[in-house]
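Worksheet for the structure shown next.
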Amino acid sequence: MFSMLFLGSFAALAVLCLLPLGLLSLAFWIWMLIDAIKNPRLDGNQRIIWVLVIIFIPCLGSLIYYFAGRS
């Protein structure tokens, strides 16, 4: 009985911690995707490559674009 209660509270805690992290990750991904599409410093081919990188490698691609592609 105690183990079931522990697992239930652990699952609720995991959801409460991971849900905001997932939403922040999604918001960051959308922000980087829109920034790559609208970035005037990128020419057509660079823009297409960055958008594809961000779409197909979401977390890592967004971080790489944030640190390398925006400058």
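None of the figures in this text is laboratory data; all of them are computed from the coordinates on show. Since the model is a prediction, treat every value here as computed from it, not as a measurement. A quick note on method: Cβ atoms are made from the backbone with ideal geometry, for glycine too, and the neighbour counts reach across all protein chains shown.
Things worth noting here:
- Relative contact order (%) - criterion: Cα under 8 Å, at least six apart; region: the stretch 26-66: 46 percent
- Additional length obtainable on full extension of the chain from LEU60 to ALA14, 0.36 nm per residue less Cα span: 14.3 nm
- Entry for Cα Rg over 2.2 N^0.38 Å (calculated from the structure that is shown) out of (1) 1.62; (2) 1.03; (3) 1.09: (1)
- Distance between modelled label sites at LEU52 and ALA68, nm, 7 Å Cα→Cβ extension: 1.5 nm
- A helix-only calculation puts the chain at -27500 deg cm²/dmol for mean residue ellipticity at 222 nm, using -39500 (n - 2.57) for each DSSP H run of at least four residues, averaged over all residues.
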